[in-house]
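Data block below; observations after.
The values are calculated or read from the model by the stated rules, or taken from the named source; none is laboratory data. These numbers come from a predicted model, not from an experiment. Here Cβ is always computed from backbone atoms with ideal geometry, including for glycine, and neighbour counts include all displayed protein chains. Heads up: the accessible areas ignore ligands, DNA and RNA and are worked out on the full protein's heavy atoms, side chains in. Shrake-Rupley method; radii C 1.70, N 1.55, O 1.52, S 1.80 Å.
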Amino acid sequence: MALTLKQLLEESHSTVFLGGAGVSTGSGIPDFRSAHGIYHQEHQGPSYEKMLSIDYFIRHQEEFFRFYKSVMLYPHAEPNKAHLALAKLEQAGLLEAVITQNIDGLHQKAGSKNVLELHGSALRNFCLDCCRRYTMEEILAAPGVPRCSCGGVIRPSVVLYGEQLDPEVVERSVSLIQKADLLIVGGTSLVVYPAAGLVRYQKKGGRLCLINRTPTPYDDMADLVLREDIGQVLAEAAGL
């Protein structure tokens, strides 16, 4: 009998999910590196990676926010089957945590409680001068460069290219993965580091399931590789 994700979940005492942009494509948010991803859209000027860098944010704030607001923010996006399935698995005691590279907050909106955001969140924004907090809606409504009532520039709490990941979030993620009997990785090509390197921390003897439309560098390590729609795969495993 072929091994299934549902079987792996039932046999595991501690399961962790590590997800990328592909988890949210079903919510209308494009990924980055697929054939239809953001990086393959026609675009004149600096590369998207450069425009999402801390250096570009510092030097070209008007252009940064014009790009960021139009390409990176999806205020009307709703959780899809993948988000809802992961929330249900957590509620059923079958999933310990979600570690995500996404900044959209959809895991929490779906009901997941233990979510570690490697790249921060577009829902949280703060003034660089006084640290006052602002919502994504306030960022979108602000003309040009968003400014605080104190006059300071407001920036999103997201990790830009050229910045380090939050060491506390990384440490917690590594600790969870090291203890997991089962690591499910979905919606990510596993080519962007340091997030991709988290797979290497899986404990010896732990099982690995990869859910992605395209091959990853870790396919040979996996106990189960699924090339199917991640929302459908997780929904079936969660009984949705």
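Subtracting the Cα-Cα distance of Ile58 and Val225 from 0.36 nm times their residue separation leaves 56.0 nm of extension gain.
All alpha carbon pair distances within the range 89-179 were sorted into 5 Å bins beginning at 0; the resulting P(r) in whole percents reads 3, 13, 19, 19, 18, 12, 9, 4, 2, 0. For Lys203 and Glu171, what is the calculated FRET efficiency with R₀ set at 22 Å and r taken between the beta-carbons, to the nearest 0.05? Efficiency for this residue pair is about 0.85.
In square nanometres and to one decimal, what's the mean projected area of the convex hull around the Cα atoms of the chain?
On the way: hull surface 52.9 nm².
Mean orientational projected area (the chain, Cα hull): 13.2 nm².
Each Cα pair under 8 Å and six or more residues apart adds its separation to the average, and for the chain the resulting relative contact order is 24 percent.
Using every Cα-Cα pair within the range 42-135, state what percent have a distance larger than 23 Å.
38
Count the DSSP beta bridges whose two residues both fall in the chain, then state the antiparallel fraction as a percent rounded to the nearest 5. If I count the DSSP bridges inside the chain, around 30 percent turn out antiparallel. To the nearest ten degrees, helix 167-179 and the longest principal axis of the Cα atoms of the chain are 10 degrees apart. Between Thr135 and Lys113, what is the spin-label point distance in nm, taking each point 7 Å from the Cα along the Cα→C-beta axis? Between Thr135 and Lys113, the simple spin-label model gives 2.5 nm.
Heavy atoms only, 1.4 Å probe, whole protein assembly: order His13, His119 by accessible area, highest first. Could you put the intermediate results ahead of the total?
Numbers: His13 170, His119 45 Å².
Sorted by accessible area, descending: His13, His119.
Rg ratio for the range 113-240: its Cα radius of gyration over 2.2 N^0.38 Å, N being its residue count, equals 1.33. Straight-line cross-link reach from Lys179 at under 12 Å between alpha-carbon atoms covers these aspartates and glutamates, not counting any fewer than eight positions away in the same chain: Glu96. In the full protein context, the chain carries 50 Å² of accessible surface per residue, based on a 1.4 Å probe and ignoring ligands, DNA and RNA.
Expressed as a whole percentage, what fraction of the accessible surface of the chain belongs to carbon and sulfur atoms when a 1.4 Å probe is rolled over the protein heavy atoms?
On the way: 6180 of 12110 Å².
After summing per-atom areas, the C and S share lands at 51 percent.
So what is the 222 nm mean residue ellipticity for the chain from helices alone, if each DSSP H run of at least 4 adds -39500 (n - 2.57) and you divide by all residues, rounding to the nearest 500 deg cm²/dmol?
For the chain, the value works out to -7500 deg cm²/dmol.
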